[in-house]
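K.L.:
One structure, as structure tokens, below. Some questions next.
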Amino acid sequence: MIELAGIEHRYAGGVPALAGLDLSIREGEKVVLLGANGCGKTTLLKILDGLLFPISGAYRYDGRAETRRTLRDDRFQRRFRSEVAHLFQNPDATLFNPTVRDEIAFGLRQLGLRD
């Protein structure tokens, strides 16, 4: 379902966050991501959700390359966004609507669902 090959990402100043990461997760498989602060867990999760793109390597989701280009494809994006989500660690970065109802409805509206 998810395949990463040789994923590499660096932040400003050339500081490596991920280097040569390979990962394969099959459909229905459960995975725990565990590590010390600053080891790249959040960077990896943002890459898996298409919020950040690696500087090198390949990411395949259900057999299809996930890139900026494929995420512009409405059909792929709709499916991907309905199956993959990123919950931010800090709730202040997540909640931006005035009510809980609006917050929940926002994601559903992005998927084309009506109230």
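The values are calculated or read from the model by the stated rules, or taken from the named source; none is laboratory data. Keep in mind that what you see is a predicted model, and the values were worked out from it rather than measured. Here Cβ is always computed from backbone atoms with ideal geometry, including for glycine, and neighbour counts include all displayed protein chains. What goes into the accessible areas is simple: the full protein's heavy atoms, side chains included, and nothing from ligands, DNA or RNA. Shrake-Rupley method; radii C 1.70, N 1.55, O 1.52, S 1.80 Å.
K.L.:
If we scan region 21-28, do we find a residue that is within 15 Å of LEU4 (Cα to Cα), touching an Asp or Glu at 6+ places or on another chain (Cβ under 9 Å) and assigned to a loop (DSSP other than H, G, I, E, B)? Break it down stepwise before answering.
P.N.:
Residues of region 21-28 that are within 15 Å of LEU4 (Cα to Cα), as a first pass: 21-27.
Next, from what is left, pick out any that are touching an Asp or Glu at 6+ places or on another chain (Cβ under 9 Å): 21-25, 27.
With assigned to a loop (DSSP other than H, G, I, E, B) added as a condition, the list becomes 27.
Yes: region 21-28 contains one or more residues that are within 15 Å of LEU4 (Cα to Cα), touching an Asp or Glu at 6+ places or on another chain (Cβ under 9 Å) and assigned to a loop (DSSP other than H, G, I, E, B).
K.L.:
I'd like to know if region 6-20 contains one or more residues that are loosely packed, with under 14 Cβ neighbours inside 10 Å and either of a type in the set (Phe, Trp, Tyr) or under 15 Å from the mean Cα position of the chain (by Cα) (or both).
P.N.:
For region 6-20, residues loosely packed, with under 14 Cβ neighbours inside 10 Å and either of a type in the set (Phe, Trp, Tyr) or under 15 Å from the mean Cα position of the chain (by Cα) (or both): present.
K.L.:
Right, here's the next one. Take the residues of region 40-57 that are more than 16 Å from ASP22 (Cβ to Cβ) and in contact with a helix residue (DSSP H, G or I) (Cβ under 7 Å, 6 or more places away or on another chain): which is least open to solvent (accessible area, probe 1.4 Å)?
P.N.:
Step by step, filter region 40-57, then rank; the result is GLY50.
K.L.:
Listed residues ARG75, ARG81; which is more than 13 Å from LEU4 (Cα to Cα), at pLDDT below 90, of a type outside the set (Asp, Glu) and exposed (fewer than 15 other Cβ atoms within 10 Å of the Cβ)? Step through it out loud before you land on a result.
P.N.:
Details: ARG81 fails: exposed (fewer than 15 other Cβ atoms within 10 Å of the Cβ).
One residue alone meets the criteria, ARG75.
K.L.:
Within region 31-55, work out how many residues are over 16 Å from the mean Cα position of the chain (by Cα) and not aliphatic (A, V, I, L, M).
P.N.:
Quick first cut of region 31-55, residues over 16 Å from the mean Cα position of the chain (by Cα) only: 34-39.
Filter once more, so that each one left must be not aliphatic (A, V, I, L, M): 35, 37-39.
Selection size over region 31-55: 4.
K.L.:
Still on this structure, I have one more. Would you say PHE96 is open to solvent by less than 60 Å² (accessible area, probe 1.4 Å) and of a type in the set (Phe, Trp, Tyr)? Don't jump to the end; show me each part of the working.
P.N.:
Details: open to solvent by less than 60 Å² (accessible area, probe 1.4 Å): no; of a type in the set (Phe, Trp, Tyr): yes.
Taking the combined requirement at face value, the residue does not satisfy it.
K.L.:
Tell me which residues, restricted to region 54-80, are closer than 17 Å to LEU44 by Cα and either touching a Cys at 6+ places or on another chain (Cβ under 9 Å) or in a helix (DSSP H, G or I) (or both).
P.N.:
Keep residues of region 54-80 that are closer than 17 Å to LEU44 by Cα, which gives 54-61, 65-68, 80.
Result: ARG68, PHE80.
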